[in-house]
Amino acid sequence: MRATLKVSGMTCVNCTRALEIGLKKLRGVEGVKVSFELGSVWVDYREEFLDLQQIKNVVESLGYKVEEIRERSRKGEVLLFCWTMSLILMALMFWQSSYSPFLQAMLSLLVQVVGGYGFYKGALNSLRAGIGNMDLLVALGSTSALLYSLLSLGGLLPGEPFFETSAFLITFLRTGRFLEEWVKARALKNLRELFSLQATKVKVLKGGKEEEKSLQEVFVGDTLLLRTGDMVPVDCRLLEGALELDESLVTGESLPVKRSEGERLVSGSLVVSGFGKARVEKTFGSSYANLLVRLVEETLSKRPRIQRFADRFSHYFVQVVLLLSLLVFLFWYAKTGDPRTALNFSLAVLVVSCPCAFGIAVPLALVSGLLRAQRKGLLIKDPSAFEKNVDVLVLDKTGTLTEGKPRLVEHNLREEGVLNLVCGMAKVSNHPYSLALRDFCLSKGIEGESLQGCREEAGVGLLWGEYFLGRSEGGEVALYRNGSKLAEFFFEDTLRKGVEETLSFLRSKGVEVFMLTGDKEERARVVAQVLGIKKFTAEARPEDKLLKIRELKSEGLKVGLVGDGINDAPAMAEADIAFALGSGTDMAKRAGDVVLLKGIEGLIAFFEEKERTMKRIKENLFWAFLYNLLGIPVAAGLLYSKGIQLKPEMAGLMMAFSSLSVVLNSLRK
């Protein structure tokens, strides 16, 4: 799409450079041209990523004013023109006058030139690329009808002209395409919201003063001011205040969440209420929301196997249709000796066979599925993930099945008063076991002693005088005094929310679950027993995980893997389909085909959306195939002896409705 903007405020030729640089930073902008002399800016952009308002916001953020916006696309006006000319042409068919045929010819020619320009352009491009497409069939069909009518009007061919055929053919097809694009634009609204984040202006606190800056001017360490209605532009940490955030754009979570001082704010979140100051931890280029934007871009550039098949089918189908149309013309001309009748049948075959429905059956269903998945907290990096089956799903334990945060479940005190001492020693450490002990002490209302000189020794434990708190030979945490055990504490990892429900769902789908962890054998066994996992491997190093995936694949199984850490990345790359947790490392998200933004329960949403999307694709392809299977014989004159004939313009209307039905089926919930 190209937009033309009338811009005021440019004072020198350097302003043109500033506008070009600023607009080219927007994802979705494919080209920018600025004329200082004319005060105009031309922007070529992709409609699925941007709209005119976002482009206007960037221009005005650079200090210029957009006086007027004109889009090159005049699809609505062209469609209105075609309908007006076609309806007048129809009225002229009932007006008995010597001028009527010539007026019809003029109106039909206008519709062909104005309304058919896009089809001719598309047909020419397809011929240059050596690929047949719908535009080629429409251009040939409408041009043939118009030429026949003009030659008939001039007495060079026998029979009466039928100018309404070419005019209504163009009009009906443009109507179908207009409705199709309108519905698709509505479906891509959420995707545009994700990409519009890059145009956000932010409030930065500098020297006690509030300044407005673009995202490219925000750096690590800057202090942002966040108010109700603001978008959190970069990953940051709340320094002051409290905020209620809508994180649905990046996590899929529909309910607002509260964030207090010290908590991390995810870029892409919307401030529902509150005021706060936040310290920037990552620039926009490395922030979470920008990672999602890049992953979505990569996704939309990939084409799954089923789409490549549909594209190849459409290409060869067009060639078959052209041959079939010629054979139908020759058959009816030989049978009737009437070129008009033969041409009508030939054109009807040409138009009714347009593979438009085939062309949009897969990509539109995929885009709709990707957007539904994103709203449910899933980021599908590779759309071919929808095509992949899973026989065995391999899951990491720590951070995937469990929170990776130990919880105190049992303790044994051999002397009174030692718990107060333990709580005091745990204060000086942020080790997961120390944090669990502090949580336990807090629940019991024990503050713990303030111990001077208590220190933590990495990999050993906590030391204070003659006391030692750390791991014993048995694996539990114990408190010792001069080597004598005073207390024992037993911990277990907390299961992630939704794990049991997720595993039950997977088993109902016939997916076998296998746990692969680097944790100790005894801890892995406990988790496996609780979750009913029959097969697991413990104490696995990254290379062991990779070998296990290869072993399962060598058995002819389709293997999926869920991971969250750097150590999972090699195995994730080897798996047939890899799932990365949204809370995991960037390396894991890069290696994964699907990012589970809301946690492991996102697997349920993925398999449900996978099933729904593939069902829609198959329905679309079946409908498109059935439409042609039934339409072509009728258009070729199979039922002509029974008084049933499909005229070319009605074939065009049928083709438009066929495409529209595929669009609506793809977008329904």
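The values are calculated or read from the model by the stated rules, or taken from the named source; none is laboratory data. Predicted, not measured: the structure shown is a model, and the values here were computed from it. Note that we place each Cβ from the backbone using ideal geometry, even for glycine, and neighbour counts take in every protein chain shown.
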Original post:
Does any residue of the stretch 234-246 turn out to be farther than 18 Å from R259 by Cβ, modelled with pLDDT of 85 or more and β-branched (V, I, T)?
Top reply: no
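Restricting attention to the stretch 279-286, does a residue exist that is modelled with pLDDT of 90 or more, of a type in the set (A, V, I, L, M) and farther than 30 Å from I380 by Cα? Steps first, answer last, please.
First pass over the stretch 279-286, keeping only residues modelled with pLDDT of 90 or more: 279-281.
Of the ones still in play, those that are also of a type in the set (A, V, I, L, M) are 280.
Adding the requirement that they be farther than 30 Å from I380 by Cα leaves none.
Checking the stretch 279-286: not a single residue is modelled with pLDDT of 90 or more, of a type in the set (A, V, I, L, M) and farther than 30 Å from I380 by Cα.
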**OP:** Just one of (1) at pLDDT 90 or above; (2) crowded, with 20+ Cβ neighbours inside 10 Å; (3) not basic (K, R) trips up S554, so point out which.
**Re:** (2)
Original post:
So how many residues does the stretch 389-419 have that are closer than 30 Å to L664 by Cα and surrounded by fewer than 18 Cβ atoms within 10 Å (Cβ to Cβ)?
Top reply: 1
Subject >> Enumerated strands (runs of 3 or more DSSP E) restricted to the stretch 471-563, each holding at least 2 residues that are assigned by TED's automatic domain parsing to the domain that holds N420 and either farther than 25 Å from E410 by Cβ or in contact with a helix residue (DSSP H, G or I) (Cβ under 9 Å, 6 or more places away or on another chain) (or both) >> reply: 477-481, 484-495
Original post:
Restricting attention to the stretch 612-651, and to residues there that are of a type in the set (K, R) and surrounded by 16 or more Cβ atoms within 10 Å (Cβ to Cβ), which single residue is nearest to S346 (Cα to Cα)?
Top reply: K647
**OP:** Can you confirm whether the stretch 449-464 contains a residue that is crowded, with 20+ Cβ neighbours inside 10 Å, part of a strand (DSSP E or B) and among the aliphatic types (A, V, I, L, M)?
**Re:** yes
**OP:** Report whether or not F386 is crowded, with 22+ Cβ neighbours inside 10 Å and at pLDDT 85 or above.
**Re:** yes
Original post:
Somewhere in the stretch 575-583, is a residue without any contact (Cβ under 8 Å) to a residue 24 or more places away in the chain and over 22 Å from G377 (Cβ atoms)?
Top reply: no
Original post:
Quick one: would you say V351 is touching a helix residue (DSSP H, G or I) at 6+ places or on another chain (Cβ under 8 Å), at pLDDT below 75, buried (at least 24 other Cβ atoms within 10 Å of the Cβ) and assigned to a helix (DSSP H, G or I)?
Top reply: yes
Original post:
Would you pick out the residues in the stretch 489-514 that are among the acidic types (D, E), modelled with pLDDT of 90 or more and surrounded by 16 or more Cβ atoms within 10 Å (Cβ to Cβ)?
Top reply: E512
